[in-house]
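Take a look at the structure set out below.
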Amino acid sequence: MRDRGGFRAQPALDTGSVVAMSDTILVLNAGSSSIKFQLFARNGSSGLDRLLKGQIEGIGVNPNLTVKSAAGEVLSENRWPGAEVGSVPLALEKVVHFLSDHLGGKLPVAVGHRVVHGGIRFSVPVIITAEIVAELEKFVPLAPLHQPNNLAPIKTILERLPEIPQVACFDTAFHRGHPELADRYAIPETLYREGVRRYGFHGLSYEYIASRLPSVAQQLADGKVIVAHLGSGASMCALNKGRSIDSTMGFTALDGLPMGTRPGQLDAGIVLYLLQKNGLSATQIERLLYNECGLKGLSGISNDVRVLLGSDDPRARLALDYFVHRIAVMTGALAAALEGIDGFIFTAGIGENAPAIREAVMKRLAWLGIEVDTQANASNSPLISTKSSRIACWVIPTDEELMIARHTLDCLAAHKTCVPELPQ
């Protein structure tokens with residue numbers, strides 16, 4: 001039987017019982033050692049109010065749960081022995097218990113998930129079924145850091161609380177309208193039809209930024225804009241009238257800008273060299289490219305920009321200079337794809353919180369007519385370019401969780417249209 005408010009240790013549960021539900025939507029973003037979550041209340045037919053945000057991290061090592069209200073008030077702090085919360089399903093159980101207690105024994109009416117890779121078929125959010133999960137597992141080799149962790153809570157809820165609808169929202173979906181030239185690699189047609197193409201990622205973030213432009217920077221909403229999503233994972237996107245037309249990421253989340261532990265753009269011949277000359281296995285190369293490169297590999301110190309900015313080690317300076325250099329180079333490429341540029345937007349963890357990186361990037365882009373307002377930038381003001389700057393530069397905080405909640409709400413309303421026909 002189901003223990004209303006959480007999961008029993010055994011997966012076999014009474015599917016005939018009814019779970020009381022509140023008028024809320026839960027958003028989950030699961031990683032290898034953490035689950036981030038936010039809870040939204042439905043406000044009318046289309047509105048959403050954020051109620052709380054939380055994270056359970058250190059899964060299997062030093063698991064701890066922190067939950068805060070939308071205003072930042074701490075609602076709960078808990079720690080457990082590592083063995084007690086040794087997996088994502090066990091961590092999810094702790095989250096569900098907290099939510100049930102917080103909601104008076106009820107659970108959310110639906111759960112929305114970030115899923116990094118949707119492949120060719122999944123270009124819109126979908127209500128999850130076992131068949132869809134099986135399709136999404138095929139993309140694990142294309143996103144080994146993210147896809148398995150994204151799918152873990154989906155499978156647990158599908159198995160143990162099947163009456164709660166779940167919606168998968170894809171980081172690749174926003175880019176699916178790219179012109180063919182932007183999606184292609186110079187490879188045989190058969191590989192393209194097989195799905196070897198440029199997908200682009202961080203789409204939920206870019207979609208949110210595009211939705212904010214009309215109210216934050218109305219003059220850019222119908223213009224040509226480059227958005228830099230700079231975090232542990234980093235990419236850039238070219239927007240024309242709010243639509244993605246090109247992105248720095250491609251077939252996997254390894255391409256484009258250097259990231260915390262990923263190299264960004266890399267000559268494919270290097271992989272052949274590692275295979276043939278160094279004798280590394282595919283598994284060893286995968287670990288190298290996803291875990292040991294990027295800022296961590298360049299600096300030999302850390303993948304964290306905050307640590308590197310505080311270091312006097314010349315290797316830290318090299319890593320940061322390289323990061324800025326590649327952002328500047330990619331800006332030129334995306335400006336060419338747009339055939340012009342009206343605005344530049346910084347977002348995500350580094351983009352929103354590292355004035356030194358923003359200033360360095362803007363100075364590298366002075367040839368475009370960008371002028372940095374040093375005081376506005378240092379104080380993290382929304383507009384950080386001068387009045388005389390030919391191109392306006394903004395800092396706009398992203399909100400992927402709100403975007404997922406919106407999609408989940410829309411998907412529930414449409415329902416049938418959210419379950420695509422799967423390939424035979």
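The values are calculated or read from the model by the stated rules, or taken from the named source; none is laboratory data. Everything numeric here is computed off the predicted structure, so don't read it as measured data. Note that we place each Cβ from the backbone using ideal geometry, even for glycine, and neighbour counts take in every protein chain shown. Heads up: the accessible areas ignore ligands, DNA and RNA and are worked out on the full protein's heavy atoms, side chains in. Shrake-Rupley method; radii C 1.70, N 1.55, O 1.52, S 1.80 Å.
What do you reckon, is PRO162 crowded, with 20+ Cβ neighbours inside 10 Å and in contact (Cβ under 8 Å) with a residue 40 or more places away in the chain? Against the criterion (crowded, with 20+ Cβ neighbours inside 10 Å and in contact (Cβ under 8 Å) with a residue 40 or more places away in the chain), PRO162 does not qualify.
Out of all the residues in the stretch 222-236, which are in contact with a helix residue (DSSP H, G or I) (Cβ under 6 Å, 6 or more places away or on another chain) and either hydroxyl-bearing (Ser, Thr, Tyr) or modelled with pLDDT under 95 (or both)?
Filtering the stretch 222-236 for residues in contact with a helix residue (DSSP H, G or I) (Cβ under 6 Å, 6 or more places away or on another chain) gives 224, 226-231, 236.
Matches in the stretch 222-236: GLY231 only.
Is it the case that GLY264 is on the phi > 0 side of the Ramachandran plot and not aromatic (Phe, Trp, Tyr)? Answer is yes for this residue. The helices (runs of 4 or more DSSP H) found entirely in the stretch 328-385 that carry 1 or more residues being over 16 Å from VAL225 (Cβ atoms) and of a type in the set (Asp, Glu) are 348-353, 355-364.
Residue by residue through the stretch 320-332, note down the ones that are crowded, with 16+ Cβ neighbours inside 10 Å and either without any contact (Cβ under 8 Å) to a residue 60 or more places away in the chain or of a type in the set (Phe, Trp, Tyr) (or both).
First pass over the stretch 320-332, keeping only residues crowded, with 16+ Cβ neighbours inside 10 Å: 320, 322-324, 326-328, 330-331.
Result: LEU320, TYR322, PHE323, VAL324, ALA328.
Listed by first and then second residue, the pairs linking a residue in the stretch 271-284 that is farther than 17 Å from LEU142 by Cα and touching a residue at least 12 places away in the same chain (Cβ under 8 Å) to a residue that is outside any loop (DSSP other than H, G, I, E, B) and among the β-branched types (Val, Ile, Thr), with Cβ atoms under 9 Å apart and 6 or more places separating them unless they lie on different chains, are LEU274/ILE285.
Which residues, counting only those in the stretch 42-60, are loosely packed, with under 15 Cβ neighbours inside 10 Å and not in a loop (DSSP other than H, G, I, E, B)? Lay out the reasoning, then the answer.
Here is the first cut: in the stretch 42-60, the residues loosely packed, with under 15 Cβ neighbours inside 10 Å are 43-47, 49.
Answer for the stretch 42-60, where residues must be loosely packed, with under 15 Cβ neighbours inside 10 Å and not in a loop (DSSP other than H, G, I, E, B): ASN43, GLY47, ASP49.
For the stretch 260-268, the count of residues that are crowded, with 16+ Cβ neighbours inside 10 Å, more than 21 Å from the chain's Cα centre (by Cα) and not acidic (Asp, Glu) is zero.
Does the stretch 340-361 include one or more residues that are farther than 30 Å from ILE301 by Cβ and open to solvent by 60 Å² or more (accessible area, probe 1.4 Å)? So far as the stretch 340-361 goes, yes, one or more of its residues are farther than 30 Å from ILE301 by Cβ and open to solvent by 60 Å² or more (accessible area, probe 1.4 Å). Among the residues of the stretch 216-242, those that are outside any loop (DSSP other than H, G, I, E, B), under 20 Å from ILE404 (Cβ atoms) and of a type outside the set (A, V, I, L, M, F, W, C) comprise HIS229, SER235.
Could you look through the stretch 61-88, keep only residues that are in a strand (DSSP E or B), open to solvent by less than 80 Å² (accessible area, probe 1.4 Å) and not small (Gly, Ala, Ser), and pick out the one that is farthest from VAL27 (Cα to Cα)? Walk me through it before giving the result.
Within the stretch 61-88, the subset in a strand (DSSP E or B) is 64-69, 74-79.
Subset that is open to solvent by less than 80 Å² (accessible area, probe 1.4 Å): 64-67, 69, 74-76, 78.
Then drop every residue that is not not small (Gly, Ala, Ser), which leaves 64-67, 74-75, 78.
Values: ASN64: 19, LEU65: 16, THR66: 16, VAL67: 14, VAL74: 19, LEU75: 18, ASN78: 20 Å.
Only one residue tops the list, namely ASN78.
Every condition in (1) modelled with pLDDT of 85 or more; (2) assigned to a helix (DSSP H, G or I) holds for GLN38 except the one numbered (2). Restricting attention to the stretch 221-243, which residues are over 27 Å from GLU286 (Cβ atoms) and surrounded by 23 or more Cβ atoms within 10 Å (Cβ to Cβ)? Correct list: VAL225, ILE226, VAL227, ALA238, LEU239.
Quick check, is LEU274 at pLDDT 95 or above, open to solvent by less than 50 Å² (accessible area, probe 1.4 Å), among the aliphatic types (A, V, I, L, M) and touching a helix residue (DSSP H, G or I) at 6+ places or on another chain (Cβ under 7 Å)? Yes, satisfied.
Being open to solvent by less than 30 Å² (accessible area, probe 1.4 Å), of a type in the set (D, E, K, R) and more than 20 Å from ALA134 (Cβ to Cβ) is the filter here; which residues of the stretch 165-192 pass it? Correct list: ASP183 only.
Just checking, which of GLY104, GLY86 is under 24 Å from GLN55 (Cα atoms), touching a Gly at 6+ places or on another chain (Cβ under 6 Å) and not acidic (Asp, Glu)? Steps first, answer last, please.
Details: GLY104 fails: touching a Gly at 6+ places or on another chain (Cβ under 6 Å).
So the residue among GLY104, GLY86 that is under 24 Å from GLN55 (Cα atoms), touching a Gly at 6+ places or on another chain (Cβ under 6 Å) and not acidic (Asp, Glu) is GLY86.
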